[in-house]
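Notes to accompany the following structure.
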Amino acid sequence: MKSSLLNRVFDADAFEAQLQALGALIQNHLENVLSEKKDHVLRWNPPEKELEFWRSFMNSGDTNDFFPEILKRTTHTHHPKYIGHQVGVTAPLTVLTGMLSNLLNNGMAVYEMGMSPNAIERIIIERLGEKFGYGDKVGGFLTSGGTLANLTALLSARKAKVKHDVWNEGHTKPLAIMVCEEAHYCVDRAAKIMGLGEQGIVKVPAKADFTMDIEQMEVLYRETTEKGIQVFAIVGSAPSTATGAYDDLKSIGAFAQKNDIWFHVDGAHGVAAIFSEKYKGLLKGTELSDSIVLDGHKMMLMPTITTALVFKNKMHAEHTFSLNADYLLDQTTEDEWYNSGRRTFECTKTMMCLHWFALLKFYGEALFDEYVTRQYDLAKDFAQLLKNHPQFELGTEPMSNILCFRWIAKGVEDEQLSAINAQIRQQLLEEGEFYLVQTKLYGIQYLRTTLMNPFTELTHLEKLLHKITKLAEHIS
């Protein structure tokens, strides 16, 4: 190699030095955040100032400062006071699996570019299918996120349940899916991408506990079909994003079977509870579904972004898309599970299966049982703490590790309370000691926690309530 720059880029000794330096930084970071020597989850910076910093760094920053600045200027998900978004706290082992995947860069679309990962991916899908009660015809794949997985599942549903060949010939009649009004917005997005339009998204009202109203489901199905619209799929949430409420999957499954429609479970966040001996009862009815989505980067301690899409019948995983890339794949009707490009939107994807396989191999299913159970238990303990406090109100009893609450005061109207709670959240964000988010339930502002961190204790949450109370007194 003649180029001195390329030689420097690929120099093994130089890489080893970079690796050791970064390894030391990561080790120090973990020690500091887990022991709370770093007292902030994040150091807030307004968007324009952050942009200005990185523009300046690109022009004049020292390369030795790049990794330290990244660690300094990001949200520390491993900190016990990180209780915000549904983004997982990664097991350190997955740093190594991610590193190996990035180095090898095997795209997986065809077998010779993904021998081990295609085999490993199949093992993971079969293992999940067994947990869901799917039987020996299970199939599926890993893909880049729940949004893409839900869209793919609904495309599979349309191909399986609509007699007309929509994929090749377009729509000839109105089609629709059914979903609870509390479901994740990506289901709506998928329906719009598929060309179903507003009339093609039948929103089933939620009950007081924010789960799908099963009686209204039956009524809306009849009304929709009487308009000449074919309902080809129904989506159950396990759980919904805002409140963490699990739909009644067993009843939805029976409804789908009775009406010969596809039953899909969006379990991106909470299907991981299938590994918990204590909480797996929340998922009664998964065996009735046709497909399930599960995010490894939420409740399974994996990095973003890795999602499993599992089908009860592998035929639906294989036949969703038609391909014309003859230079990649021969046209065949055989079960070519080892060529993942046949089954996914992605022709190239990362070796994300390494995260799943390594965690199961090194630690077993007991890891997910312990983690999910601990976080769901913590939410119940936090809920009791809130109920015992006169200045806080629960949005709803938690079914998972997602919990919504708000600060309240006698004689203060909901509109004013919403404004105060929104200000509380903004001040918490800017101070950076705690990180939580917010949502609206029936138009009322609530603070929202997702207890993702396995090092968060009830004492941290007690400190959070004390801090919120002090902020509220100052604001009001």
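Among the residues that make up segment 422-430, is at least one of them touching a Phe, Trp or Tyr at 6+ places or on another chain (Cβ under 9 Å) and surrounded by fewer than 17 Cβ atoms within 10 Å (Cβ to Cβ)? Among the residues of segment 422-430, at least one is touching a Phe, Trp or Tyr at 6+ places or on another chain (Cβ under 9 Å) and surrounded by fewer than 17 Cβ atoms within 10 Å (Cβ to Cβ), which makes the answer yes.
The set of residues in segment 284-300 being within 17 Å of residue 264 (Cβ to Cβ) and in a helix (DSSP H, G or I) consists of 286, 287, 288.
If you filter segment 12-47 down to residues that are charged (D, E, K, R) and more than 27 Å from residue 428 (Cβ to Cβ), you find that the one that is surrounded by the most Cβ atoms within 10 Å (Cβ to Cβ) is 16.
Here's the yes/no breakdown for (1) part of a helix (DSSP H, G or I); (2) among the aromatic types (Phe, Trp, Tyr); (3) over 27 Å from residue 78 (Cα atoms); (4) not assigned by TED's automatic domain parsing to the domain that holds residue 43:
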| residue | (1), (2), (3), (4) |
| --- | --- |
| 417 | yes, no, yes, no |
| 421 | yes, no, no, no |
| 428 | yes, no, no, no |
| 448 | no, no, no, no |
| 453 | no, no, no, no |
| 456 | no, no, no, no |
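Within segment 112-138, the set of residues being touching a Gly at 6+ places or on another chain (Cβ under 8 Å), buried (at least 22 other Cβ atoms within 10 Å of the Cβ) and closer than 15 Å to residue 316 by Cβ comprises 125, 129. Among the residues of segment 271-283, is there at least one that is surrounded by fewer than 24 Cβ atoms within 10 Å (Cβ to Cβ), part of a helix (DSSP H, G or I) and modelled with pLDDT under 95? No, every residue in segment 271-283 fails to be surrounded by fewer than 24 Cβ atoms within 10 Å (Cβ to Cβ), part of a helix (DSSP H, G or I) and modelled with pLDDT under 95.
Out of curiosity, is residue 250 charged (D, E, K, R) and more than 20 Å from the chain's Cα centre (by Cα)? Judged against the criteria, residue 250 is a match.
Annotation: of all residues in segment 337-392 being among the β-branched types (Val, Ile, Thr) and part of a loop (DSSP other than H, G, I, E, B), the one that is surrounded by the most Cβ atoms within 10 Å (Cβ to Cβ) is 344.
The residues of segment 394-415 that are charged (D, E, K, R) and either assigned to a loop (DSSP other than H, G, I, E, B) or more than 28 Å from residue 268 (Cβ to Cβ) (or both), listed by number, are 397, 410, 413, 414, 415. Of 470, 380, 410, 387, all but one fail to be out of contact with any helix residue (DSSP H, G or I) (no Cβ under 6 Å at 6 or more places or on another chain), of a type outside the set (A, V, I, L, M), without any contact (Cβ under 8 Å) to a residue 24 or more places away in the chain and closer than 27 Å to residue 274 by Cβ; the exception is 380. Going by the structure shown, is residue 268 surrounded by 24 or more Cβ atoms within 10 Å (Cβ to Cβ) and touching a residue at least 24 places away in the same chain (Cβ under 8 Å)? Against the criterion (surrounded by 24 or more Cβ atoms within 10 Å (Cβ to Cβ) and touching a residue at least 24 places away in the same chain (Cβ under 8 Å)), residue 268 qualifies.
Only helices (runs of 4 or more DSSP H) whose full extent lies in segment 38-152 are considered here, and the ones with at least 1 residues that are among the aliphatic types (A, V, I, L, M), at pLDDT 95 or above and within 26 Å of residue 310 (Cα to Cα) are 93-104, 115-132. Counting only strands (runs of 3 or more DSSP E) that sit completely within segment 166-263, those holding 2 or more residues that are in contact with a Lys or Arg (Cβ under 8 Å, 6 or more places away or on another chain) correspond to 175-180, 230-237.
The values are calculated or read from the model by the stated rules, or taken from the named source; none is laboratory data. Note that the structure is a prediction, hence the values are computed from the model and not measured. So basically every Cβ, Gly included, is an ideal-geometry build from the backbone, and we count neighbours across all protein chains shown.
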